Amino acid sequence: MTSVAAVLTAARARLPASEARLLLGHVLGRPTAWLIAHDNEMLDEAALLGFASLVARRASGEPVAYLVGHREFFGREFAVSPAVLIPRPETELLVEIALARVGADGTAITAGRILDLGTGSGCIAVTLALEIPQAQVSALDASVAALTVARSNAEEHGAQLRLLQSDWFAALDDERFDLIVANPPYVAAADPHLAAGDLRHEPLAALASGEDGLDAIRRIIAAAPAHLAANNGQLWLEHGYDQAEAVRALLAAAGFSGIEHYRDLAGIVRVSGGRLR
Ligand code: GLN
């Protein structure tokens, strides 16, 4: 027989303590706070084997979020699978900007038709639907497997979302929105990060986008004006650490004004956007 404390100590040779706690909590169906209060609890054989298997998988590189099946985003838990990008803290910036834009300032969006392009787990769209109850939120993705994950997250959180399978705007005819947001793929195809760490296990189509990483962003910006309210329709995009100037130029060329850039918590210019007149 082995205690919670003993297995966590042993796992520390291979994993950070915080990751070991998340994995053991998952095996036991307990929050990590429970582990701390019950470190003398004895584990049965099934729990020991289950934990050993997850530690081995994590040590060989599988992301913790895929092993436990969820990740926190904007204060809520979202189901994830290898069909979707794992929600990242920097993407909360995009949500904060969207929320500020529907706020009570001069740029406020009144009608609140919102579209999330490439929704993946649905973390952005579900969060916006819950934080802005009067908005009508649509979310699309090219991947049916991703839409299944997004649907279960919407149901789990009681969010009203319209989900569409679509290659960017392809399935939308001439529909227009007040606010379009996207965390599109934006990593350069030859970027060595794609072959390292957790990124190796995430869907490549959600990460990589052509030689300079801007293929998806170019398509989105070029097509967005036809899908935005002519009066103050706004587009906000997450992008790579070195893409702000390119994104500004693309937005300006497509007729956007009021172009702004925002820095993430790491100080990197991470979200850019603007509005149609
Ligand atoms: N920020 C992610 C990363 O570099 C990329 C996400 C994306 O391409 N949308 O890990």
Query - Sole exception among (1) over 24 Å from TYR186 (Cβ atoms); (2) open to solvent by 30 Å² or more (accessible area, probe 1.4 Å); (3) in a helix (DSSP H, G or I) for GLU77, by number - result: (3)
Query raised in the report: Can you pull out the residues in region 17-31 that are surrounded by 14 or more Cβ atoms within 10 Å (Cβ to Cβ) and over 20 Å from ALA56 (Cβ atoms)?
Result: ARG30
Query raised in the report: Do we find a residue being open to solvent by 30 Å² or more (accessible area, probe 1.4 Å), under 19 Å from CYS123 (Cβ atoms) and near the ligand (Cβ under 10 Å from one of its atoms) anywhere in region 219-241?
Result: no
Requested in this report: Name every residue in region 205-214 that is outside any loop (DSSP other than H, G, I, E, B), touching a residue at least 40 places away in the same chain (Cβ under 8 Å) and near the ligand (Cβ under 9 Å from one of its atoms), in order of residue number.
Outcome: ALA206
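Can you tell me how many residues within region 197-237 are of a type in the set (Gly, Ala, Ser) and within 19 Å of the chain's Cα centre (by Cα)?
Adding up the residues that qualify gives 7.
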Query raised in the report: Looking at region 35-51, which of its residues are within 17 Å of PRO16 (Cβ to Cβ) and either among the basic types (Lys, Arg) or under 29 Å from the mean Cα position of the chain (by Cα) (or both)?
Result: LEU35, PHE51
Query raised in the report: Are any of the residues in region 65-73 in contact with a Leu (Cβ under 8 Å, 6 or more places away or on another chain) and surrounded by fewer than 20 Cβ atoms within 10 Å (Cβ to Cβ)?
Result: yes
Query raised in the report: Does any residue of region 39-46 turn out to be farther than 22 Å from ALA195 by Cα and either among the aromatic types (Phe, Trp, Tyr) or surrounded by 16 or more Cβ atoms within 10 Å (Cβ to Cβ) (or both)?
Result: yes
Report summary line: With criteria (1) out of contact with any strand residue (DSSP E or B) (no Cβ under 9 Å at 6 or more places or on another chain); (2) within 25 Å of THR32 (Cα to Cα), PRO89 comes up short on (1)
Report summary line: Of ALA100, ALA65, ALA46, ALA83, the only residue that is at pLDDT 95 or above and either away from the ligand (no atom under 16 Å from the Cβ) or among the acidic types (Asp, Glu) (or both) is ALA46
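The values are calculated or read from the model by the stated rules, or taken from the named source; none is laboratory data. On a predicted model such as this, the values are computed, not experimentally measured, just so you know. For neighbour counting, all protein chains shown are included, and Cβ atoms are generated from backbone atoms with ideal geometry for every residue, glycine included. Only protein heavy atoms, including side chains, enter the accessible area calculation; ligands, DNA and RNA are left aside. Shrake-Rupley method; radii C 1.70, N 1.55, O 1.52, S 1.80 Å.
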